Amino acid sequence: MRAAVLEAAITELTQTGYAALTVEGVARRAGVHKTTIYRNWKDADGLVADALASHFAADIPIPDTGAVESDFRALARSLVATMTTRTGRALLTTVLSDAVRIPRLAEVKHALFDDRFRRAEPVVTRAIERGELPADTDPAELLKTLAAPIYFRLVFTGESVDEETAERAVRVALAAAHARALPAV
């Protein structure tokens, strides 16, 4: 039941947006009664927060190709592929626009990015161990540098993002690491 409700919430967010999402709509889509939802989540905000956290926790696999450049390429391409889907765009909009007024969503956004950087940290750690990156490279800072050009285009400029965007993000992040232009650990 929980998985069905969370998936229904994601679908509702994608199709109607956060402002139009209702517990009734999620319940109808999940095939449960709305009291079932209220027994498990105190309100729609809590449901949306859980649905977002669940969805984003599983959407980007962490590569291990044996080389930092190809690992970063896989990470960046996966991020582009995920965030350019209708669902990815709708969820990103929800996380960014409503987190300002809904504390629970702000917490989810913070936890989401922390979790992503923590899960991807082994990519950087392995690269350091192989001698591909300086020993004092801060994994979180480098991963933020990789993601920043992609999110900037998605969120601020509205430019399209594609594999070339991912490639440029990889080159910029690795150049910054090799130039020791990022904060060190």
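The values are calculated or read from the model by the stated rules, or taken from the named source; none is laboratory data. From a predicted model like this one, the values you see are computed outputs, not experimental measurements. Please note: Cβ atoms are built from the backbone with ideal geometry, for glycine as well, and neighbour counts cover all protein chains shown. Ligands, DNA and RNA are stripped out before the accessible areas are found, and what is left, the full protein with its side chains, is counted by its heavy atoms. Shrake-Rupley method; radii C 1.70, N 1.55, O 1.52, S 1.80 Å.
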Practice task
List the extent of the Cα atoms of region 99-185 along each of their three principal axes, largest first, rounded to whole Å.
Solution key: 44, 28, 19
Handout entry: Alpha-carbon gyration tensor eigenvalues x 5, square-rooted, for the chain, Å
Key = 35, 16, 14
Problem - Dipole moment magnitude, nearest 20 debye, the chain about Cα centre, only Lys, Arg, Asp, Glu C-beta charged - result: 520
Problem - Rough spin-label spacing in nm, given labels placed 7 Å along Cα→Cβ, for THR157 and ASP138 - result: 2.5
Problem - Cβ-derived FRET efficiency at R0 45 Å, ALA175 paired with THR85, nearest 0.05 - result: 0.95
Handout entry: Cross-link reach list, aspartates and glutamates versus LYS34, counting only Cα pairs under 12 Å and skipping chain neighbours closer than eight places
Key = GLU24, ASP43
Handout entry: Sorted peptide list for 61-70, 102-111, criterion being average Cβ within 10 angstrom, highest first
Key = 102-111, 61-70
Exercise for the section: For ALA106 paired with ALA19, estimate the spin-label separation in nm (one decimal), with each label point 7 Å from Cα along the Cα-to-Cβ line. Expected result: 2.1
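List every DSSP H helix in the chain whose Cα atoms extend 27 Å or more along the helix's own long axis and whose mean Kyte-Doolittle hydropathy is at least -1.0. Can you show the working numbers first?
Details: long enough: 103-129 (39 Å, -0.50).
Span-like helices in the chain: 103-129.
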Handout entry: Relative contact order for the chain, counting Cα pairs under 8 Å that sit 6 or more residues apart, in percent
Key = 21
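Pop out the Kirkwood hydrodynamic radius of region 1-62 from its pairwise C-alpha distances, inverse of mean 1/r, in Å to one decimal.
It works out to 11.5 Å.
Sort 174-185, 2-13 by packing, meaning the average of other beta carbons within 10 Å per residue, with the highest value first.
On the way: 174-185: 13.6, 2-13: 19.2.
The packing order, highest mean first, is 2-13, 174-185.
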Handout entry: the chain - mean residue ellipticity at 222 nm from DSSP helices (-39,500 (n - 2.57) per run, n ≥ 4, rounded to 500)
Key = -22500 deg cm²/dmol
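Heavy atoms only, probe 1.4 Å: what % of the accessible area of region 1-149 goes to carbon and sulfur, would you let me know?
Numbers: 3770 of 7020 Å².
C and S atoms contribute 54 percent here.
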Practice task
Determine the per residue accessible area of region 52-133 with all protein chains present and a 1.4 angstrom probe, expressed in square angstrom.
Solution key: 48
Completion exercise
Cβ-Cβ cut-off under 14 Å around ARG126, Lys and Arg +1, Asp and Glu -1: the net charge is -4
